[in-house]
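The values are calculated or read from the model by the stated rules, or taken from the named source; none is laboratory data. Nothing here was measured: the structure is a model prediction, and the numbers come from that model. We place every Cβ from the backbone using ideal geometry, glycine too, and count neighbours over all the protein chains shown.
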Amino acid sequence: MSNYVLGIDTSNYTTSVAVVDLDGNIILDKRQLLKVPMGKRGLRQSDALFQHINNIPILLNEIGKLKICGKIKGVCASSKPRPTLESYMPVFKASTSFGQTISNVLGCKYFECSHQENHIKAAIHSIDEQFDKKFLAIHISGGTTELLLVKRNSKLGYNIDIIGGTTDISIGQFLDRAGVKMGFDFPAGPRLDEIAFDSKMKLKEEIKMFAKNGEISLSGPETRICKLIEEKMDNEYISLLIFEYIIKGLSSMINYATKKYNMDKVILVGGVASSNFIKTHLNSRINDSTSIYFAKASHCTDNAIGSALIGAEAIFEEE
């Protein structure tokens, strides 16, 4: 008879629960996007937390239908954005509060991981490739663009060092700010990606931005994009230009890190990593010796699969 682990993640964008067995098979994966008013670029923490509190019982009801509660041996909740002591965000109180309560009621083990570790674990799970104990990753999502040196933690999850990234706004913020200004719903990244990916247009300008030693700046590109939007430039041209800026920034970070750390594999994680444009065009801009790995789209966007897998791994190693 199989035993299971429940994962819970409550990010700024999505309420997520997942169940895996101790062999790493995904039994259940349920998510609910948070509702953002038209024209807004996100939610206040208090509003997001309130939605999580309403969403989690609905998602957990799906687990009840499986009739496996007596076989759940652990709960793993995402408790903060990054695996550092000072990392904190109120929305994750929903994840930890529900997680601890369920653990106490069921009398099972309780674990915590970070949202970033959840993303990395979920991404690796969907890729048919072995990663060393130390590897490179780029976390690109709504609020994060970080170049990472990742090491497996002997106890739980990962030790992660930030070795580069944006000096100002994240790639996700760049996409959402531009997309909302263009009149699209938040989050706007998927719509801009669709337009850019389908485009046959050729850009008329050179892609200029700060990109050096693993760091990039998107404030200049954002200013340029806002000017084009105000000038009523075609949405197709603007979308394509936005993603060309992103490709230039990502390729610069990758080429820097693989050379500096003498590594030839990089995994991209987070919601923006599901972009079809990035998947199609990034490889042609990086060193020939470097391999880029993308997770399945379902494992890029916010989820609780990684949290559940980290919990399952911890229980498996204890046994």
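Taking helices (runs of 4 or more DSSP H) that do not extend beyond the stretch 138-232, which have at least 3 residues that are at pLDDT 95 or above and either under 26 Å from CYS113 (Cβ atoms) or not assigned by TED's automatic domain parsing to the domain that holds GLU244 (or both)?
Counting at least 3 such residues, we get 171-181.
Could you list, in sequence order, the residues of the stretch 63-80 that are within 22 Å of ASN12 (Cα to Cα) and either basic (Lys, Arg) or surrounded by fewer than 20 Cβ atoms within 10 Å (Cβ to Cβ) (or both)?
LYS80
Kindly provide the set of residues from the stretch 77-99 that are out of contact with any Asp or Glu (no Cβ under 7 Å at 6 or more places or on another chain), under 27 Å from VAL150 (Cβ atoms) and of a type outside the set (Gly, Ala, Ser), ordered by number.
Within the stretch 77-99, LYS80, PRO81, ARG82, THR84, LEU85, GLU86, TYR88, MET89, PRO90, VAL91, PHE92, LYS93 meet the criteria.
All but one of (1) touching a strand residue (DSSP E or B) at 6+ places or on another chain (Cβ under 7 Å); (2) buried (at least 24 other Cβ atoms within 10 Å of the Cβ) hold for ALA196; state the number of the condition that does not hold.
All conditions pass for ALA196, except number (1).
Could you check the stretch 109-118 and list, in sequence order, the residues that are within 28 Å of ILE169 (Cβ to Cβ) and touching a helix residue (DSSP H, G or I) at 6+ places or on another chain (Cβ under 6 Å)?
CYS113, ASN118
Checking ARG177 against (1) more than 26 Å from VAL36 (Cβ to Cβ); (2) surrounded by 14 or more Cβ atoms within 10 Å (Cβ to Cβ), which test does it fail?
(1)
Any idea which residue in the stretch 55-88 is modelled with the lowest pLDDT, counting only those that are basic (Lys, Arg) and within 20 Å of the chain's Cα centre (by Cα)?
Per the criteria, the residue is ARG82.
Just checking, which of PHE197, PHE135 is within 20 Å of ILE238 (Cα to Cα) and touching a residue at least 60 places away in the same chain (Cβ under 8 Å)?
One residue alone meets the criteria, PHE197.
Go through the stretch 261-315 residue by residue and tally those that are assigned to a helix (DSSP H, G or I) and within 24 Å of ARG82 (Cα to Cα).
Final tally of qualifying residues: 19.
Inspect all residues belonging to the stretch 265-285 and state whether any of them is of a type in the set (Val, Ile, Thr), at pLDDT 95 or above and surrounded by fewer than 16 Cβ atoms within 10 Å (Cβ to Cβ).
yes
Looking at ASP132, is it within 20 Å of TYR256 (Cα to Cα), at pLDDT 95 or above, in a loop (DSSP other than H, G, I, E, B) and not hydroxyl-bearing (Ser, Thr, Tyr)?
no
Counting just the residues of the stretch 224-275 that are without any contact (Cβ under 8 Å) to a residue 60 or more places away in the chain and among the β-branched types (Val, Ile, Thr), which one comes out farthest from LYS121 (Cα to Cα)?
It comes out as ILE229.
May I ask you to list the residues in the stretch 98-118 that are within 30 Å of LEU268 (Cα to Cα) and buried (at least 19 other Cβ atoms within 10 Å of the Cβ)?
Result: PHE98, GLY99, PHE111, GLU112, CYS113, SER114, HIS115, GLN116, GLU117, ASN118.
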